[in-house]
C-alpha cells in the first residue's frame with residue numbers, strides 16, 4: 001500500500017514477497033554480535049555492488065564485471081581430474097616492517113577484536129526441518145477477517161467477488177510454487193498441498209511458511225483493484241500460515257475432506273444467521289436462534 005508513496009511514477013508489476021526466520025539468543029552480547037555481523041555483511045555487499053555497477057556503467061558486460069571482481073582458488077581436484085574452485089580471500093605476500101606502529105595502524109582489521117565471532121553467531125540460526133517423505137500442507141488464513149470484511153463492506157454471508165479474489169490469488173500461488181499439487185479454500189483460508197518430495201527451501205519450516213504467507217498477501221493486494229475497481233483498499237490484509245505434515249496420501253485426503261466438511265457446516269450456520277439478521281433480528285438474537293438449531 002506504500003509503493004505509490006515512494007514510487008509515484010512506477011507501476012508495481014510483480015508482487016514482492018519475503019521469507020523470514022526466528023533466531024533466539026541467550027544474552028545481549030550475542031545479539032550485538034549478530035547485529036555487527038549483519039552490518040559487516042551489508043558493508044561487504046555494498047562494496048561489491050558499488051564496484052560491480054561502476055564496471056557495468058563504464059562499458060563492461062555484467063559477466064565481465066562479475067569475473068573482474070571474482071577471486072577464486074582451486075581448493076581440490078575432483079574425481080575426474082577437474083579443478084574445484086571456490087571464492088577465497090587472496091593471500092598477499094609482502095616484505096614489510098612489522099616492528100614499528102605504521103603497519104598495524106594501516107592494517108587494523110588483521111587483529112581486530114571480534115573479527116572471527118560471526119561463525120559463532122550463525123550457529124544460533126538453526127531452522128526446524130520438516131520431515132522427509134511427508135506431504136506438506138500449508139494452510140493460509142486471514143487474520144481479523146471479520147474486521148477487514150466490515151471495513152470493506154463485503155456482502156454477507158458470502159461475498160462472491162472476495163471469493164474470486166481469493167481463488168485468483170491461490171491460482172497464481174500455485175503457478176509460483178511448482179511443487180503445489182492441489183489447493184482447496186473457502187471463506188478466508190486456503191490449503192496448499194506440496195508434493196512429498198518437495199525440497200522447497202530445503203524443507204525449512206520458517207522459510208516455507210513466511211514466504212508462502214508473504215506471497216499470498218502480496219497477490220491479494222496487487223489483484224485487489226482487478227476485482228474491486230471502485231473500492232479503495234483501506235486496511236492491509238494479513239495472512240498467517242501453518243505447516244502440517246502427513247506421511248500418507250490417504251491422510252491428506254482425509255484432511256481435505258475435513259476442511260470441506262468445515263466449510264459446509266460454517267456456510268450453513270452463516271447463511272441461516274444472516275438471513276435472520278436481514279429479516280430484522282439483531283445479531284445477538286440471530287446467534288441464539290441458530291445456536292439452538294445447530295445444537296439439536
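None of the figures in this text is laboratory data; all of them are computed from the coordinates on show. Quantities reported herein were computed from a predicted structural model and do not represent experimental measurements. Using ideal geometry, Cβ is built from the backbone for each residue, glycine included, and neighbour counts are taken over all protein chains shown.
Convex hull over the Cα atoms of the stretch 137-240, averaged projected area in nm²?
Averaged projected hull area, Cα only: 6.2 nm².
Expressed as a rounded percentage, what relative contact order does the stretch 135-295 have, with Cα pairs under 8 Å and six or more residues apart?
33 percent
Return P(r) of the stretch 1-62 (all Cα-Cα pairs; 5 Å bins starting at 0; whole %; ordered from short to long distances).
4, 12, 10, 11, 14, 22, 14, 8, 4, 1
Among 244, 12, what is the fewest-to-most ranking by other Cβ atoms within 10 Å?
Ascending number of Cβ neighbours within 10 Å: 12, 244.
Taking the number of other C-beta atoms within 10 Å as the exposure measure, put 138, 292, 23 in order starting with the fewest.
Ascending number of Cβ neighbours within 10 Å: 292, 23, 138.
Mind sorting 140, 151, 180 by how few other Cβ atoms lie within 10 Å of their own Cβ, fewest first?
So the residues, fewest neighbours to most, are 151, 180, 140.
Could you tell me the calculated FRET efficiency between residue 178 and residue 272, based on Cβ-Cβ distance and R0 = 41 angstrom, to the nearest 0.05?
Once the sixth-power term is evaluated, E becomes 0.50.
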